[in-house]
1. Assess whether residue 93 counts as being in contact with a Lys or Arg (Cβ under 6 Å, 6 or more places away or on another chain) and either touching a residue at least 12 places away in the same chain (Cβ under 8 Å) or not acidic (Asp, Glu) (or both).
2. Just to be sure before I move on: is residue 285 under 24 Å from the mean Cα position of the chain (by Cα), part of a strand (DSSP E or B) and of a type in the set (A, V, I, L, M, F, W, C) in the structure I sent?
3. Report, by residue number, each residue of region 1-32 that is within 10 Å of the ligand (Cβ to nearest atom) and over 17 Å from residue 219 (Cβ atoms).
4. If you scan region 189-206, which residues turn out to be more than 19 Å from residue 290 (Cα to Cα) and either touching a helix residue (DSSP H, G or I) at 6+ places or on another chain (Cβ under 9 Å) or in a helix (DSSP H, G or I) (or both)?
5. Just checking, does region 88-100 include any residue being within 13 Å of the ligand (Cβ to nearest atom), within 23 Å of residue 47 (Cα to Cα), within 18 Å of the chain's Cα centre (by Cα) and buried (at least 21 other Cβ atoms within 10 Å of the Cβ)?
6. Given the conditions (1) more than 20 Å from the chain's Cα centre (by Cα); (2) within 14 Å of the ligand (Cβ to nearest atom); (3) closer than 30 Å to residue 131 by Cα; (4) not hydrophobic (A, V, I, L, M, F, W, C), report the number of the one that residue 39 does not fulfil.
7. Here's a check for you: in region 194-225, which residue that is among the aromatic types (Phe, Trp, Tyr) and touching a strand residue (DSSP E or B) at 6+ places or on another chain (Cβ under 9 Å) is surrounded by the fewest Cβ atoms within 10 Å (Cβ to Cβ)?
8. Take region 253-295 and flag every residue that is surrounded by fewer than 14 Cβ atoms within 10 Å (Cβ to Cβ) and either without any contact (Cβ under 8 Å) to a residue 12 or more places away in the chain or of a type in the set (Phe, Trp, Tyr) (or both).
Amino acid sequence: MSKRIMFTGGSGKAGRHVVQYLVEQGCQVLNIDTKPLDNPKVRTLITDITDSGQVFNALSSYMGLHEFDPSLRPQPIDAVVHFAAIPRIMITTDNEVFRINALGTYNVIEAAVKLGIRKVVIASSETTYGLVFANEPRDPQYFPLDEDYDVDPMDSYALSKVVNEKTARAFALRNGTDIYALRIGNVIEPHEYSLFPKWFADPGFRKRIAWSYVDARDLGQITLRAIEKDGLGYQVFNAANDDTSSDLPTAELLKRFYPSVPVKAELGEYETLLSNRKARDILGFRPEHSWRKYVKQA
Ligand SMILES: NC(=O)c1ccc[n+]([C@@H]2O[C@H](COP(=O)([O-])OP(=O)(O)OC[C@H]3O[C@@H](n4cnc5c(N)ncnc54)[C@H](O)[C@@H]3O)[C@@H](O)[C@H]2O)c1
């Protein structure tokens with residue numbers, strides 16, 4: 001059945017691909033964003049998620065003017081997908097990053113839960129593992145980074161994402177709503193595969209993100225799988241492709257760049273260090289867009 005989805009942040013880099021994927025899979029989507037989205041199949045309702053009144057209003061609104069037709073009166077919303085955010089530090093001040101992300105996410109989850117929407121999927125981040133925006137290069141507690149890790153970042157962006165995960169957990173506990181947080185790896189749009197050869201030539205360049213990536217279309221797939229999988233309460237899933245964004249074997253990357261870090265699992269030759277095993281096992285996530293399909297190897 002066609003899912004009805006309220007989507008925040010659909011005008012952004014990741015959101016526009018995920019929205020397109022959901023529409024291609026037959027979902028109805030309303031985009032909730034401060035900026036319009038150039039997609040003829042999707043309406044945008046201009047909304048600032050830091051204003052709770054606007055968020056309650058948006059999540060309870062019609063999805064389009066067609067719903068003025070009594071025979072098309074709105075059915076319940078199946079899910080809220082929440083991507084709207086300031087997506088890293090150094091775009092605005094640290095306190096604004098924290099305020100917009102922490103408050104915006106609180107507002108979206110609270111409104112969804114209090115309006116009786118039974119599924120919320122939020123964008124968390126691999127930065128919660130504390131490597132990406134650390135003051136100095138830092139070793140993680142262990143590899144592969146998995147959902148049991150005690151996340152301990154030191155920057156305001158990743159901290160806002162940790163707070164968002166706690167907010168999700170609190171509302172899931174309070175109401176029994178399914179709220180799943182996707183710890184998203186570095187999002188790669190189709191045109192960005194041209195960057196990979198440059199990264200291959202300098203393998204240390206992506207050390208801080210542990211060479212993780214997720215194709216924006218595969219991010220669409222994992223989002224839909226999260227929408228379709230019910231009954232798990234609060235959950236965190238890493239969202240990463242099966243392989244790393246390096247052409248070197250994973251063991252070689254570890255030996256060269258993280259020689260002292262304990263490795264807790266047996267890894268495939270090119271397996272991602274942002275483990276996607278939980279998403280594969282529980283959601284049935286099967287990434288379809290490895291860089292190996294799009295980048296010529298030397
Ligand atoms: N891009 C990545 O590599 C990456 C990696 C991990 C996690 N994430 C997360 O994924 C999500 C999407 O990231 P992105 O790269 O597409 O970022 P983006 O900046 O391209 O998109 C974010 C969208 O949120 C909207 N927005 C910002 N503040 C808003 C507000 N107050 N009210 C309503 N809308 C607002 C923006 O207009 C924009 O369209 C974010 O939550 C980000 O933290 C992204």
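1. no
2. no
3. 32
4. If the condition is that a residue be more than 19 Å from residue 290 (Cα to Cα) and either touching a helix residue (DSSP H, G or I) at 6+ places or on another chain (Cβ under 9 Å) or in a helix (DSSP H, G or I) (or both), then 204, 205 are the ones that fit.
5. yes
6. Failing condition for residue 39: (3).
7. Selected residue: 196.
8. Passing the criteria: 255, 259, 266, 281, 293.
The values are calculated or read from the model by the stated rules, or taken from the named source; none is laboratory data. Just so it is clear, the structure is predicted and the values come from calculations on it, not from any experiment. Note: ideal-geometry Cβ built from the backbone for every residue, glycine included; neighbour counts use all protein chains shown.
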